[in-house]
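Everything below concerns the one structure shown next.
The values are calculated or read from the model by the stated rules, or taken from the named source; none is laboratory data. Since the structure is predicted, the reported quantities are computational estimates derived from the model, not experimental observations. Note: ideal-geometry Cβ built from the backbone for every residue, glycine included; neighbour counts use all protein chains shown. Areas reflect the complete protein model, heavy atoms only, side chains present, ligands, DNA and RNA absent. Shrake-Rupley method; radii C 1.70, N 1.55, O 1.52, S 1.80 Å.
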Amino acid sequence: MQDLWNFALELYARAGVEQACLELQDTGSDVCLLLTGAWLQRRGVRCLDERLQALQQAAAPWQREVIAPLRQVRQDWRANASQDAELAALREQVKKLELQAERILLDRLQALAENWPNEAGGDDWLIRLAGGDSAALQVLRGAVDHP
């Protein structure tokens, strides 16, 4: 079984997936949860309410208290960093911290879900996590369904 981090890196590198994830993030989706859902879907793990809630409860505090503040600082510095080399260097360090925080979250989500059995049926992880269907979600689903 491929670990979640490497699955996420491979999926994110596919054509259109990064942009789709950013669009979904802009509409309120948690990209780490979407990537976890994609990993679980690929493995054939059934999407059950209690599993979905467990993942959301594990991710929410880390997203809110660690990842979101780092992302906000990085985004706030974007304009000024283009004209200030020292700020640009600091912004790159914040970006690396944000990525490291996302990796920690994915590791935690994998630890929570890695022993869930493979079994057919159940709801679609991606639709449930995104809160509905969209063009961006179709791009992500296409990348998951056609490895």
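Brief remarks follow.
- Among the residues of region 118-147, those that are in a helix (DSSP H, G or I) and charged (D, E, K, R) comprise 128, 141, 145.
- Here residue 115 clears all of (1) more than 16 Å from residue 25 (Cβ to Cβ); (2) assigned to a helix (DSSP H, G or I) except the condition numbered (2).
For every residue, the table says whether it meets (1) under 30 Å from residue 118 (Cα atoms); (2) not hydrophobic (A, V, I, L, M, F, W, C).
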residue: 22; (1), (2): yes, no
residue: 30; (1), (2): yes, yes
residue: 37; (1), (2): yes, yes
residue: 40; (1), (2): yes, no
residue: 43; (1), (2): yes, yes
residue: 47; (1), (2): yes, no
residue: 69; (1), (2): no, yes
residue: 87; (1), (2): no, no
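- Number of positions in region 77-134 that are touching a residue at least 60 places away in the same chain (Cβ under 8 Å), open to solvent by 90 Å² or more (accessible area, probe 1.4 Å) and not polar (S, T, N, Q): 1
- Some residue of region 11-24 being at pLDDT below 95, crowded, with 16+ Cβ neighbours inside 10 Å and polar (S, T, N, Q): no
- Residues in region 43-70 that are out of contact with any helix residue (DSSP H, G or I) (no Cβ under 6 Å at 6 or more places or on another chain) and outside any helix (DSSP H, G or I) were compared, and the one that is surrounded by the most Cβ atoms within 10 Å (Cβ to Cβ) is 45.
- Considering 87, 4, the condition of being over 21 Å from residue 140 (Cβ atoms) and touching a Phe, Trp or Tyr at 6+ places or on another chain (Cβ under 8 Å) is satisfied by 87 alone.
- Test result for residue 5, assigned to a helix (DSSP H, G or I), in contact with an Asp or Glu (Cβ under 8 Å, 6 or more places away or on another chain), aromatic (Phe, Trp, Tyr) and on the phi < 0 side of the Ramachandran plot: yes
- Picking from residues in region 71-82 that are more than 22 Å from the chain's Cα centre (by Cα) and in a helix (DSSP H, G or I), the one that is farthest from residue 32 (Cα to Cα) is 80.
- Hits in region 83-93 - residues which are over 27 Å from the mean Cα position of the chain (by Cα) and of a type in the set (S, T, N, Q): 83
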